[in-house]
Amino acid sequence: MKYCRFALNGSAHYGLVETVVGSGEEEITRLLLQPPHHSDGDVESLPSRRMDRIPLVEAHLLAPVQPSKIVCVGRNYKEHAAELGNEVPTEPLLFFKPPSSLLATGGTIVRPAISERTDYEGELGVVIGRRCHRLDENEDVRPYILGYTCVNDFTARDLQKKDSQWVRGKGYDTFCPVGPLVSDEVNPWKGVQVETRVNGEVRQSGNTRDFIFSLGTVIRYISQIMTLEPGDLIASGTPEGVGPVVAGDVVEVLIEGIGKLSNPVA
Ligand code: MG
């Protein structure tokens with residue numbers, strides 16, 4: 001199952017995305033009449049309406065999630081912790097990005113003038129499908145996951161270092177590009193390759209096999225603190241290779257089975 005959110009005739013809709021047999025191209029084939037996180041995991045069974053198919057590459061895509069919160073994991077890959085001179089954490093390190101920081105693929109990341117160093121962080125995003133609260137120690141988290149997407153945990157690195165809370169460094173408007181779609185056809189437990197390119201050049205290439213804390217550990221841990229609601233987004237941490245971008249650059253986060261999240265920087 002794959003779905004997106006897109007603009008059509010001035011309003012926002014969720015749409016089912018299917019791959020055309022033969023060409024392999026992705027098209028939006030049905031309008032979903034309820035948000036996919038109301039589906040309890042079975043998006044195809046949601047009430048939907050037929051529509052004129054739109055090739056995904058021609059659609060005006062919006063951020064595919066409308067979360068009540070965005071919970072991020074810091075330093076969840078050993079090599080990334082080391083490259084910024086940090087110890088490997090002994091329990092998950094969490095922080096928030098505000099929903100106001102969301103940005104669709106194609107949207108422009110706006111660097112604040114006050115920052116002298118802004119970095120990309122390509123990550124696998126997890127979309128929650130069922131409310132979860134205080135999961136048991138060994139409970140399988142997969143029934144609570146609706147799907148996966150690409151996230152760029154964009155960061156004003158100098159402000160993050162200066163402040164003990166990361167609200168500024170992580171929270172500016174446009175600092176959370178997400179998309180292009182949500183898919184449940186990838187398996188982070190088996191290993192999902194997360195790649196980031198700047199102006200076409202590969203800068204990060206990590207695999208979710210190398211997580212310090214598995215998604216199970218992370219989601220169970222978060223659920224002890226706060227109730228995760230359907231539609232909430234978790235950014236699972238970035239692999240090594242983070243670095244700065246400047247105005248005029250284009251950042252892409254690519255995950256096989258999900259697609260390419262592409263954003264120019266201003
Ligand atoms: Mg990050």
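No value in this document is a laboratory result; all are computed from the given coordinates. Keep in mind that what you see is a predicted model, and the values were worked out from it rather than measured. Cβ coordinates were reconstructed from backbone atoms using ideal geometry, including for glycine residues, and neighbour counts include every protein chain displayed.
Table for the structure above
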| item | result |
| --- | --- |
| Overall dimensions of the chain as given by Cα atoms, namely Rg and Dmax in Å | 17.6, 53 |
| Lysine-lysine proximity count for the chain, Cα under 21 Å, sequence distance 8 or more or distinct chains | 13 |
| Hull volume in cubic angstrom per residue (convex hull over the Cα atoms of segment 2-62) | 84 Å³ |
| Alpha carbon convex hull of segment 13-120, volume per residue in cubic angstrom | 189 Å³ |
| Mean separation of Cα contacts under 8 Å, 6 or more apart, over the residue count of the chain: relative contact order % | 25 percent |
| Extent along principal axes [Cα atoms of segment 123-261; Å; largest to smallest] | 45, 35, 24 |
| Approximate spin-label separation residue 90-residue 116, in nm, with each point projected 7 Å along Cα-to-Cβ | 3.6 nm |
| Stokes-Einstein translational diffusion, segment 102-181 - Kirkwood Rh over all Cα pairs, 1.567 mPa s, 4 °C, in µm²/s | 90 µm²/s |
